[in-house]
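Shown next, in structure tokens, is the structure this report addresses.
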Amino acid sequence: MQKNNIKKLLIIRTGAIGDVVHTTALFRAIKKYNPQIIIHYLTSELIKPLLIEDRDIEKVLTINPKFKMFSSYTKDLANTLKQEKYDAVINLQPSLKIKYLMFLAKIKKQAIYRKNFKIHAVTNFWKTGLKFFPELKEEKELKLYLPKEYIDFAKDKTKEYKRPFIIINAGGVLSKRQGRTYPVAKWVELGNKLQKKFDGTIILNGAKEDKEILSPLNEIKNSVNLIGELPLINSCAVIGEADLMLSGDSGPLHIATALGVKSIGLYGAMPEKRTGCFSSGINIVSKKSCVPCNRRKCKYLKKSKKIYAPCMEEITTDEIIKML
């Protein structure tokens, strides 16, 4: 097999978390294709801890996703990238700002991502890499490597919890996309059914800004509320200790699948063929005729004070329990 003449490659994806997780299959495929290629990854400071221990990346660089195009920060970052002397870049974050940054960095050989809603995001990222590596084989599984210190933290944090550990990731209630979040009352109902079935520990996960609206989850028997309590990397390590993850379409869901945790994703408006659990995991999809719509705002909630889309309301707790 003839190897590509690219010796040093930059990959760019600044967010969201789930998207970065989905790109891991691409650089693993490239490393399998040619282990001699040096791969650097440019992402946000928030996401960097997920990649710093990755055996297929030699260096993780960071960028402020809110950087201004014509600023000294941009020029300094471009100079840093220029000094690395990359042979090529796979730009998976093709905003105008990033394209301008690549222009300043004088990286002329580029493969630029184009979103395709007809295929899974993992496959979409892999297809972007085909421009440079036409014989690249698609990876069938996601994989994350977390720093040992955080794995040790998670083991110590959960050592007194009764197994099995089941994580309910109920965050994102105030998300811009209303078809991603499962109603709090249904999470409470589901949590108690899970506790009755497995008699373990229910770990509650979610964003800090959702802490108040998710307070009813404390009604779940033998639950541990970690909502907004841990930094991202610590939360990921706790997820890695779990026996089961339940979540709407979210970064933590995709992190769980990449850590080998059995996962169930609840999909209302979101296109599960595009962002569903990749390779492993179960996708439970609403049967409403308008699904998937992938709208930010549900058309049925325009004149309503309700915050949960009908497509997510439709998914029953019994339907979820039957999958276990």
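The values are calculated or read from the model by the stated rules, or taken from the named source; none is laboratory data. Bear in mind the structure is a predicted one, so any value in this text is a computation, not a measurement. Every residue, glycine as well, gets a Cβ built from its backbone with ideal geometry; the counts of neighbours run over all protein chains shown.
Some notes on this structure:
- Residues within the stretch 53-94 that are hydroxyl-bearing (Ser, Thr, Tyr) and in contact with a helix residue (DSSP H, G or I) (Cβ under 9 Å, 6 or more places away or on another chain), tallied: 4
- Residue that is surrounded by the most Cβ atoms within 10 Å (Cβ to Cβ) [pool: residues in the stretch 33-46 that are free of Cβ contacts under 8 Å to residues at least 40 places away in the same chain and within 12 Å of residue 61 (Cβ to Cβ)]: 41
- Residue ID - farthest from residue 150 (Cα to Cα), chosen from residues in the stretch 38-64 that are assigned to a loop (DSSP other than H, G, I, E, B), touching a strand residue (DSSP E or B) at 6+ places or on another chain (Cβ under 6 Å) and aliphatic (A, V, I, L, M): 63
- Residue match in the stretch 292-309 (condition: in contact with a strand residue (DSSP E or B) (Cβ under 8 Å, 6 or more places away or on another chain), in a helix (DSSP H, G or I) and surrounded by fewer than 22 Cβ atoms within 10 Å (Cβ to Cβ)): no
- Exclusive hit being in contact with an Asp or Glu (Cβ under 9 Å, 6 or more places away or on another chain), buried (at least 18 other Cβ atoms within 10 Å of the Cβ), over 14 Å from residue 281 (Cβ atoms) and β-branched (Val, Ile, Thr), set 224, 188: 188
- Matching residues in the stretch 129-158 - criterion: being surrounded by fewer than 17 Cβ atoms within 10 Å (Cβ to Cβ) and touching a strand residue (DSSP E or B) at 6+ places or on another chain (Cβ under 7 Å): 131
- Set 62, 80: member being hydroxyl-bearing (Ser, Thr, Tyr), more than 21 Å from the chain's Cα centre (by Cα) and closer than 16 Å to residue 11 by Cα: 80
- Selected residue [surrounded by 14 or more Cβ atoms within 10 Å (Cβ to Cβ), under 15 Å from residue 41 (Cβ atoms) and modelled with pLDDT of 95 or more] from 112, 90: 90
- Single residue of the stretch 171-199 satisfying the filter (among the small types (Gly, Ala, Ser) and touching a strand residue (DSSP E or B) at 6+ places or on another chain (Cβ under 7 Å)) that is nearest to residue 295 (Cα to Cα): 172
- Residue, farthest from residue 203 (Cα to Cα), within the stretch 246-266, restricted to residues that are out of contact with any Phe, Trp or Tyr (no Cβ under 9 Å at 6 or more places or on another chain), of a type in the set (A, V, I, L, M) and not in a helix (DSSP H, G or I): 259
- Pairs where the first residue, in the stretch 283-307, is more than 24 Å from residue 263 (Cβ to Cβ) and the second is hydroxyl-bearing (Ser, Thr, Tyr), C-beta under 8 Å, 6+ apart: 307/181
- A single member of 99, 193 is farther than 20 Å from residue 271 by Cα, part of a helix (DSSP H, G or I), of a type in the set (D, E, K, R) and in the same structural domain as residue 218 (by TED's automatic domain parsing), and it is 193.
- Only residues that are touching a helix residue (DSSP H, G or I) at 6+ places or on another chain (Cβ under 6 Å), farther than 23 Å from residue 148 by Cβ and part of a helix (DSSP H, G or I) were counted in the stretch 218-245, giving 1.
- Residue list for the stretch 55-70, restricted to those being crowded, with 19+ Cβ neighbours inside 10 Å and touching a residue at least 40 places away in the same chain (Cβ under 8 Å): 63
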